[in-house]
Amino acid sequence: MKKRILLSNDDGYNALGLERLYHALSAWADVTVFAPEVNHSGASNSLSVNRPLSVKQAPNGFFYVNGTPSDCIHVALTGILDFKPDLVVSGINNGANLGEDTLYSGTVAAATEGFLFGYSAIAFSLTERNWTNLDAAVDIANQIVQHQIAYPHPSSTLLNVNIPPLPHHNFEDIQITRLGRRHPSQDVIKSQNPHGDPIYWIGPVGEILDTSEDTDFMAIKRGQVSITPLQLDLTHFELLSQTKQWIKQ
């Protein structure tokens with residue numbers, strides 16, 4: 001029996017990275033797509049709780065939702081699918097999700113939503129925009145998914161995968177990394193609308209701060225595929241005792 005994969009992204013159901021990854025995975029698995037109707041890059045883990053959502057099906061069979069990446073996975077798993085997927089996959093994203101980018105990423109958020117429901121999930125990103133060498137990225141992503149299916153972790157896992165835009169990747173050269181760090185993002189860009197009112201564009205990401213040997217940034221710099229296992233417990237355990245003392249002051 002074929003394995004079942006739930007596939008999503010944050011670039012929208014028409015995105016090339018989603019389409020190519022779907023066709024690669026469909027060669028050996030049953031793949032169901034639930035993706036946003038429009039681009040939701042930077043949506044993070046937001047859910048649409050103040051309005052109803054609609055689900056429609058495109059001529060190619062993809063389901064698309066007028067909501068966020070998290071909405072897509074949430075609706076699929078809790079309201080529509082009549083089966084439990086063997087894996088939740090998100091991507092391939094048009095651009096990197098490295099370091100603190102993962103906190104804002106809709107690509108990672110779609111995978112995270114599956115993980116929150118107890119499924120293993122993988123988020124894939126191509127670190128250069130405009131789909132440079134996308135076929136090579138699809139090939140290595142397909143291999144990673146097959147490896148996860150063949151050798152599943154004993155408990156559900158959340159993996160963030162970044163793929164450099166090279167024409168070929170060797171599975172043996174994959175690096176297991178931690179998240180690196182950036183400087184704070186650059187200032188907003190101030191402008192005016194046609195009526196003369198001030199408007200603001202979010203500025204570019206900050207410069208890279210931490211490129212240690214074991215980081216995702218360094219792996220990409222060396223032309224290697226980076227896999228970072230993620231966790232969701234934000235508790236700062238080292239500060240627990242300090243905070244207990246602070247509250248008593």
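The values are calculated or read from the model by the stated rules, or taken from the named source; none is laboratory data. Just so you know, these numbers come straight off a predicted model, no measurement behind them. Note that we place each Cβ from the backbone using ideal geometry, even for glycine, and neighbour counts take in every protein chain shown. Accessible surface is based on the protein model in full, side chains and every heavy atom, while ligands, DNA and RNA are left aside. Shrake-Rupley method; radii C 1.70, N 1.55, O 1.52, S 1.80 Å.
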Next item on the list: Could you size up the charge dipole of region 117-240 around its Cα centre, putting +1 on the beta carbon of Lys and Arg and -1 on that of Asp and Glu, and report it in debye to the nearest 20?
Entry: 180
Note to self: Compute, for the chain, the length of the dipole vector about the Cα centre, with Cβ point charges of +1 (Lys, Arg) and -1 (Asp, Glu) only. Units Debye, rounded to 20.
What the structure shows: 420
Notebook entry, point to check: Hey, with R₀ at 30 Å, roughly what FRET efficiency would L232 and K84 work out to, going by the Cβ-Cβ distance, to 0.05?
Noted result: 0.90
Next item on the list: Assuming R0 = 45 Å, can you tell me the calculated FRET efficiency for the pair K56 and H168, based on Cβ-Cβ distance, to the nearest 0.05?
Entry: 0.75
Next item on the list: Would you list, by chain and number, the lysines whose Cα falls below 16 Å from the Cα of K3, excluding same-chain residues fewer than 8 positions away?
Entry: K84
Next item on the list: Mind putting a number on the dipole of region 1-59 about its Cα centre? Charges go on the C-beta only, +1 for Lys and Arg and -1 for Asp and Glu, and I need it in Debye to the nearest 20.
Entry: 220
Next item on the list: Please identify every one of the trypsin sites (Lys or Arg not before Pro) in region 1-90 that sits in a loop by DSSP and has no more than 15 other beta carbons within 10 Å of its own beta carbon.
Entry: K2
Item checked: 4 °C / 1.567 mPa s Stokes-Einstein diffusion coefficient of the chain, Kirkwood radius on C-alpha pairs, µm²/s -> 68
Checklist line | Distant alpha-carbon pairs in region 134-249 (separation over 21 angstrom), percent | finding: 60
Check: Mean residue ellipticity at 222 nm from the helices of the chain, using -39,500 (n - 2.57) per DSSP H segment of n ≥ 4 over the full residue count, to the nearest 500 deg cm²/dmol?
Finding: -7500 deg cm²/dmol
Notebook entry, point to check: If the label point is 7 Å along Cα→Cβ of H147, which residues in region 213-249 have backbone nitrogen under 14 Å from it?
Noted result: 224-229
Next item on the list: Find the eigenvalues of the gyration tensor of the Cα atoms of region 58-139, then list the square roots of 5 times those eigenvalues as equivalent ellipsoid semi-axes, largest first, in whole angstrom.
Entry: 22, 16, 12
Note to self: Suppose R0 equals 30 Å. What FRET efficiency, 1/(1 + (r/R0)^6) with r the Cβ-Cβ distance, do L47 and V188 give to the nearest 0.05?
What the structure shows: 0.70
Notebook entry, point to check: Using a 1.4 Å probe on the protein chains only, how many percent of the accessible area of the chain belongs to carbon and sulfur?
Noted result: 52
Notebook entry, point to check: Share of antiparallel DSSP beta bridges in the chain, in percent to the nearest 5?
Noted result: 35
Next item on the list: Just the ratio, please: alpha-carbon radius of gyration of region 1-114 over 2.2 N^0.38 Å, N its number of residues.
Entry: 0.97
Margin query: So with the 1.4 Å probe, I'd like the accessible area per residue for the chain, rounded to whole Å².
Written below: 54
Next item on the list: Can you grab the distance from the C-alpha centre of region 1-55 to the C-alpha centre of region 132-193, Å, no decimals?
Entry: 16
Next item on the list: Give, to the nearest whole percent, the P(r) tail of region 35-180 beyond 18 angstrom, counting all Cα pairs.
Entry: 58
Notebook entry, point to check: Given the options N50, N97, N39, which has the most mean-square fluctuation in a GNM of the chain, springs set between C-alpha atoms less than 10 angstrom apart?
Noted result: N50
Notebook entry, point to check: Using alpha-carbon pairs under 8 Å, 6+ residues apart, how would you state the relative contact order of region 1-106 in percent?
Noted result: 38
Notebook entry, point to check: Which whole-number percent is the relative contact order of the chain (Cα, under 8 Å, 6+ apart)?
Noted result: 17
